[in-house]
Structures are given as structure tokens and as C-alpha cells.
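Worksheet for the structure shown next.
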Amino acid sequence: MVSHSSDEARGTLYIVATPIGNLEDFSARAINTLKGVGFIAAEDTRHTKRLLNHFGIETRLFSLHDHNERDKSSYIRELLFQGTSVALVSDAGTPLISDPGYHVVNHIRNEGFDVVPIPGPSALIAALCVSGLPTDQFFFSGFLPAKTKSRKDVMSSWKQQSGTVIFYESTHRIVESMKDVDAVYGDSAKLVLAREITKTFETFLSGTASEILQMFSEDANQLKGEFVVMLDYQVESDLDAKAAENRRILSLLLEELPVKQASQLAAKITGEKKNALYQIALEMQS
Ligand code: SAM
């Protein structure tokens, strides 16, 4: 693969983030980049045109969406080859994140052209950083399948993931999704729902799936708009489960027996060491 970074005659492909609601989140660099390129590839040209008009950006647009992405990759390659730079935007947020652009970036990078990010808003990062859920590891699951059976299968597979799980959901399916989370996780998952981030009715709800469903039934307004759903599954480790069981048995025996006999009997029942159980029994009684 050849890099053309030092070749003045080649254009650059810029991947430009746009606001997810609040227009003040559009960065100066994003605006200047869109003004400076020869063309803007946009998911929905009419939608992007309104944004461009607001910021006085007059650059020509062409459409790039899921159905023409592969064809448009060759067109973009041709433009770059001729020295014309191109910016790629989606309807909102960071392109390629549950949005078109993957095939273009893959193709253009493989052809050796420079692909430069102009970072900015993305709903998943905006939601995660205020959720209060673990941020050191997270798994982004994008949009979930439309059918309940496949959706539940995907949800079950998250049990193997560590960290916070994040997915995107629309107003049409949020109730169904919450019902499925409830069926798969019950109360073992804590959820945070970020709705209408950066917009007038920005709201954050947290609780178990059944608690969230209850909030929805009490206030139908909570169902409106766009959602980022974050899920923190508390796995009880085998060791934790065993320790809890030992304490449960000890506490039952201690109701009827003195510490020494209770721990001897608990050792016979659990197979644990008598002395260790004796110490735990003492702590439980203090
Ligand atoms: N590329 C975008 C990004 O960087 O976040 C995501 C595009 S995806 C097609 C649209 C989905 O993102 C929505 O259905 C919703 O789940 C989420 N989303 C986008 N904007 C949002 C907002 N302001 N508040 C909550 N969720 C949002």
C-alpha cells in the first residue's frame, strides 16, 4: 500500500462529525473542513443541506447511503486521484458509527489515500460518559435485530462480554427492547437510557428493565425520541455465590446451635474447612 500523504496532487478524504441535536456542538474545524473540500458526501443531501445553509457552507453535495456506497467509493477515489478533497458526513454524529461509510473508508485507505478524522459528537460516547456505569471497558452493539428471537439471542450473548453494553434504539422499539432485556436479565442488569441527548427534552432514566417499563407506563413522553441504552450486568462469580451459600447455611444453624457445633455441621454440609467456617460464624455473631 502506498501513502500519498506527501503527494500534493492527491485529495484527502475527511470523516466529519456533525451535531446530534445541538448545533453549537459543530466544531470550527468541522465547519472549515466542509467549506474547504471540493465535495461533501452526505447520507441525506436534503437534511445536510439545511445544516450547511445554517453555517453558510456552499460546498457541493452528493448522496452516499447504504445502497450506493460501493459505487460511490470508486467515484470518491476518482475525485481524490484528481486532487479534489472530499468530506463524508452522516445525518447526525460520527459517520460510520451505525451509519454508512465503512466501505468507502476501507476502499480509500486500501488505495493508499489519506483518510483524516474530524472528531466531534457521537451519541454513544456522550451517553456513556454521563451514565455512571463502568467506562473502562464497553461493548457497542449498534442497532439490535428487528425480530424478538434474534434480539434476545444477541442480548444473551452479552453475558460473555465484560464492561458496559451500549446499543442504539428508536422510539418504535424501545418498549419491546426493554421487555426483552427484562426476559433475559431480570433484575441482574442495571440500565441507563439516554434520550434526546443535547436536545430540549434530554433525559436520563436509570433502573432495572422492569422499573424502566414502569416509568414508561407512568409517562408516555418518556417514549419519544432517540435512545442510547446502556446495560451493566452484575455477574455473581462462583466464589461469591459459594461464600453466600456458606453464610446462609451457617446462619440457619446458628439459630439452633452454638458456634462450634454450627461450624462443625456446616463443614460437613459444605465440604469447607471447619476452622474457616468457625471464624465466619464468630464474625456473624459479633
Ligand atoms: N452516527 C451517530 C452517532 O455517532 O451517534 C448514530 C447514528 S444512528 C443512525 C442513530 C441512532 O443514534 C439513534 O437511533 C439513536 O439510537 C442514537 N442517537 C443519535 N442521536 C441521538 C440523541 N441526540 N440522543 C439519543 N440517541 C441518539
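The values are calculated or read from the model by the stated rules, or taken from the named source; none is laboratory data. Keep in mind that this is a model prediction, so the values were computed, not measured. Using ideal geometry, Cβ is built from the backbone for each residue, glycine included, and neighbour counts are taken over all protein chains shown.
On the given criteria, is A220 exposed (fewer than 13 other Cβ atoms within 10 Å of the Cβ) and among the hydrophobic types (A, V, I, L, M, F, W, C)? Spell out how you get there, then give the answer.
Working: exposed (fewer than 13 other Cβ atoms within 10 Å of the Cβ): yes; among the hydrophobic types (A, V, I, L, M, F, W, C): yes.
It is true that A220 is exposed (fewer than 13 other Cβ atoms within 10 Å of the Cβ) and among the hydrophobic types (A, V, I, L, M, F, W, C).
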* Structure fact -> Condition set free of Cβ contacts under 8 Å to residues at least 24 places away in the same chain and touching a strand residue (DSSP E or B) at 6+ places or on another chain (Cβ under 7 Å), scope the stretch 29-59, selection surrounded by the most Cβ atoms within 10 Å (Cβ to Cβ): answer is T45
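Residues in the stretch 97-115 that are more than 28 Å from K199 (Cα to Cα) and not charged (D, E, K, R): how many? Break it down into steps so the answer makes sense when it comes.
Taking the stretch 97-115 as the starting set, the residues that turn out to be more than 28 Å from K199 (Cα to Cα) are 103-115.
Still in the running and not charged (D, E, K, R): 103-108, 110, 112-113, 115.
Qualifying residue count for the region: 10.
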* Options T200, T208; residue that is in the same structural domain as P134 (by TED's automatic domain parsing) and within 15 Å of the ligand (Cβ to nearest atom) -> T200
* Are any residues in the stretch 258-286 out of contact with any helix residue (DSSP H, G or I) (no Cβ under 7 Å at 6 or more places or on another chain) and part of a loop (DSSP other than H, G, I, E, B), and if so, which ones? -> P258, G271, S286
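Restrict the check to the stretch 161-174 and report whether at least one residue is surrounded by 14 or more Cβ atoms within 10 Å (Cβ to Cβ), assigned to a helix (DSSP H, G or I) and of a type in the set (D, E, K, R). Lay out the reasoning, then the answer.
Pass one, the stretch 161-174, residues surrounded by 14 or more Cβ atoms within 10 Å (Cβ to Cβ): 161, 163-169, 173-174.
After this cut, where a residue has to be assigned to a helix (DSSP H, G or I) as well, the list is 174.
From what's left, of a type in the set (D, E, K, R): none.
Checking the stretch 161-174: not a single residue is surrounded by 14 or more Cβ atoms within 10 Å (Cβ to Cβ), assigned to a helix (DSSP H, G or I) and of a type in the set (D, E, K, R).
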* Confirm whether L128 is under 25 Å from L51 (Cα atoms) and either surrounded by 15 or more Cβ atoms within 10 Å (Cβ to Cβ) or without any contact (Cβ under 8 Å) to a residue 60 or more places away in the chain (or both). => no
* Would you mind stating whether K147 is away from the ligand (no atom under 16 Å from the Cβ) and free of Cβ contacts under 8 Å to residues at least 24 places away in the same chain? => yes
* Got a number for residues in the stretch 118-129 being of a type in the set (V, I, T) and away from the ligand (no atom under 12 Å from the Cβ)? -> 1
* Does M230 fit the bill of being crowded, with 16+ Cβ neighbours inside 10 Å, in a helix (DSSP H, G or I) and under 18 Å from the mean Cα position of the chain (by Cα)? -> no
